[in-house]
Amino acid sequence: MILHLITTAMVVFLAELGDKTQLMCMAFVAKFGMRQVFMGASAAALLNTALAVVLGEGLTMVIPLTTLQMLAGIGFLGFGFWTMRQGRRNEMCPTPTSRSRHPFWTVFFSFFLAEFGDKTQLVTLGLTAKFDNPLLIWVGASAGLVAAQLVGIGMSGYISKRLPPTLLQKSAAIMFLAFGSVTLYQSAPRYLQHPLVVLAYLCLLGTTSLVILRRQQLPRRT
């Protein structure tokens, strides 16, 4: 039984390395701080792996996977633009006294939607069927997922001490916009994946980003 637990944790950890949610940790830490990101990501991991073990593939029969992916993509775009808008504010690189609105829930829902239907959840489903021990699979999968997020959080903490805050903020915004764009493309119908549609989307995305950045350069009214 312990072997099943260790095997599950290792498999999920390796599957998550380099995944989008691990990179999301690095982006969110620049905005909310390490503690809030760890708490939100860990809670999302526990719930996501529990759903994978208990409900399995039946979840996608209740809520279409493409719908969840599109919601996740829109959410990533929103976080990207939000990060750009707040680029001059101190809360983008939190200090012990800085506060953001509902950082836990922001991180929690972002990670939950990003991991829903992801390869990590599919791996958990497969391990549950293989070992037929739901509780151990849930504990092992959660441990592996949280460990992978800790790697991302640790890397972001190391990087944040060596790079300018504005560079981290812009990198976080670009990362969110990239995640959102890729997620929307992958979940979009075939006719929306036409090169002309993609080109129009990129032009709109670039124009919107440019407008937001230009507004950030304008002097504040007193």
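Among residues that are among the hydrophobic types (A, V, I, L, M, F, W, C) and either more than 30 Å from residue 139 (Cα to Cα) or at pLDDT 80 or above (or both), residue 112 is included. Please verify whether residue 128 is of a type in the set (S, T, N, Q), surrounded by fewer than 19 Cβ atoms within 10 Å (Cβ to Cβ) and modelled with pLDDT under 80, treating the condition exactly as stated. It is false that residue 128 is of a type in the set (S, T, N, Q), surrounded by fewer than 19 Cβ atoms within 10 Å (Cβ to Cβ) and modelled with pLDDT under 80. Going residue by residue through the range 56-68, is there one that turns out to be modelled with pLDDT of 70 or more, part of a helix (DSSP H, G or I) and not polar (S, T, N, Q)? The answer is no, given that none of the residues of the range 56-68 is modelled with pLDDT of 70 or more, part of a helix (DSSP H, G or I) and not polar (S, T, N, Q). Taking the numbered list (1) under 24 Å from residue 78 (Cβ atoms); (2) modelled with pLDDT under 90; (3) surrounded by 13 or more Cβ atoms within 10 Å (Cβ to Cβ); (4) of a type in the set (A, V, I, L, M, F, W, C) in turn, residue 123 passes all entries but (1). Is there a residue in the range 157-170 that is hydrophobic (A, V, I, L, M, F, W, C), modelled with pLDDT under 75 and surrounded by 13 or more Cβ atoms within 10 Å (Cβ to Cβ)? There is at least one residue in the range 157-170 that is hydrophobic (A, V, I, L, M, F, W, C), modelled with pLDDT under 75 and surrounded by 13 or more Cβ atoms within 10 Å (Cβ to Cβ). The set of residues in the range 75-109 that are among the hydrophobic types (A, V, I, L, M, F, W, C), in contact with a helix residue (DSSP H, G or I) (Cβ under 7 Å, 6 or more places away or on another chain) and modelled with pLDDT of 80 or more comprises 77, 81, 104, 107, 108.
The values are calculated or read from the model by the stated rules, or taken from the named source; none is laboratory data. Nothing here was measured: the structure is a model prediction, and the numbers come from that model. All Cβ positions, even for glycine, are placed from backbone atoms using ideal geometry, and neighbour counts span all protein chains on display.
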